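Derivation of every value follows stated rules applied to the coordinates shown; laboratory data play no part. What you are looking at is a predicted structure, and each value in this text was computed from that prediction instead of being measured.
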Amino acid sequence: MHKKEVYILTYVQEQLGGIGRVVPNGKDAYSFRVNFIKDVINKIVPHFDNYPLKSQKLADYLLCFYPFGKKPCPYGAREKKY
């Protein structure tokens, strides 16, 4: 994201409980990175369970994250303990 919009990434970080980092990504860009799988499982997955994605993005989310989920996928994917 362009450096003029870094406040959006900071807001996302705050809304997720302070996990991850907002880091420079090139000359005029920043990105939001989460390095710990526990943060993904405990913060990001529940967020997208409460606010589901639409279209192909939902399918991509289910394939990527539900193998790590702590609970059964509400859309029928199989649970796998992490």
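Couple of notes before you dig in:
- Full extension of the chain segment joining L63 with N42 gains 5.8 nm, where the gain is 0.36 nm per residue of separation less the Cα-Cα distance.
- Cross-link reach is defined here as a Cα-Cα straight distance under 20 Å, omitting same-chain residues fewer than 8 places apart; for K4 the aspartates and glutamates meeting it are E14, D28.
- Placed amide H near N25: partners under 5 Å, 5+ positions off or other chain: Y30, S31
- Potential extension, Y51-T10 segment - 0.36 nm per residue separation minus Cα distance: 12.8 nm
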